[in-house]
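First up is the structure itself, then whatever we jot down about it.
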């Protein structure tokens, strides 16, 4: 069951989104996973396989302009385009007739929070791992150039050395041909829009919330994130801290899968 099925989903403006789908043999739920800025759906493969083995089907979507989405590489025209993309993905996933759960890694967490804040509660639960709700000083002390250009000529702020180390970094992340190396200023503008007061949007959610932090993360301000989770009262919540760097899905995959699986199955029948 481990091999994924390629899925193409057309967004409202005709843009084709490439996704990877891992169907469980007897699925009890379906998780939609969203990667971060420089990564793509392949970085979430081990998590998806683990969830699949636990009876949870997974659709990992390549964000517009990232991964296998080679059209307009490194560019996002607007936040509305990203919302339309998730609308299309939801339409595809809804046809499976399963409880839908959202999972976001790094900036994919901000993407999900903004989408749910704009569209209402459409999922049974939300899981954020190594979320960039509060970036560390390593990120905030850099200059983010924003503008209207669709040309990908800006380097992402997060150094790839922050994700993990050892063989996984040398053999996979560093040579990864699908890793996003340049983004446009209007992608940066959208990223900035999604970061503004994102913590307030989290606090207004009424969705069960799981947050997983990495104890060696140099990209995320873990202390600020913990404080927001403590203040969250809109639904059941859980905060866990796992060993590893920002690429928590590489450094603590088995533990992450165990927690995610238990969380999703616990809330599989939560009303949306």
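The values are calculated or read from the model by the stated rules, or taken from the named source; none is laboratory data. Everything numeric here is computed off the predicted structure, so don't read it as measured data. Don't worry about glycine lacking a Cβ; one is built from the backbone with ideal geometry, like all the others, and counts go over all protein chains shown.
Below are the figures for this structure:
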{"item": "Segment 13-45: number of residues that are surrounded by fewer than 23 Cβ atoms within 10 Å (Cβ to Cβ), touching a residue at least 60 places away in the same chain (Cβ under 8 Å) and assigned to a helix (DSSP H, G or I)", "result": "1"}
{"item": "Candidate set: segment 133-153, residues that are free of Cβ contacts under 8 Å to residues at least 24 places away in the same chain and in a loop (DSSP other than H, G, I, E, B); chosen: the one surrounded by the most Cβ atoms within 10 Å (Cβ to Cβ)", "result": "142"}
{"item": "All helices (runs of 4 or more DSSP H) inside segment 154-272 with 2 or more residues being over 17 Å from the mean Cα position of the chain (by Cα), touching a residue at least 12 places away in the same chain (Cβ under 8 Å) and closer than 19 Å to residue 112 by Cβ", "result": "198-204, 222-231"}
{"item": "Residue 76, sole failed condition from (1) touching a strand residue (DSSP E or B) at 6+ places or on another chain (Cβ under 9 Å); (2) assigned to a loop (DSSP other than H, G, I, E, B); (3) surrounded by fewer than 18 Cβ atoms within 10 Å (Cβ to Cβ)", "result": "(3)"}
{"item": "Segment 46-73, subset in contact (Cβ under 8 Å) with a residue 60 or more places away in the chain and under 22 Å from residue 116 (Cα atoms), residue surrounded by the fewest Cβ atoms within 10 Å (Cβ to Cβ)", "result": "65"}
{"item": "Of all residues making up segment 92-132, the number that are touching a strand residue (DSSP E or B) at 6+ places or on another chain (Cβ under 8 Å), without any contact (Cβ under 8 Å) to a residue 24 or more places away in the chain and either assigned to a loop (DSSP other than H, G, I, E, B) or within 20 Å of residue 35 (Cα to Cα) (or both)", "result": "0"}
{"item": "Test for residue 203: is it buried (at least 21 other Cβ atoms within 10 Å of the Cβ) and at pLDDT 95 or above", "result": "no"}
{"item": "Candidate set from segment 46-62 (those that are in contact with a helix residue (DSSP H, G or I) (Cβ under 7 Å, 6 or more places away or on another chain) and in a strand (DSSP E or B)); member that is farthest from residue 10 (Cα to Cα)", "result": "56"}
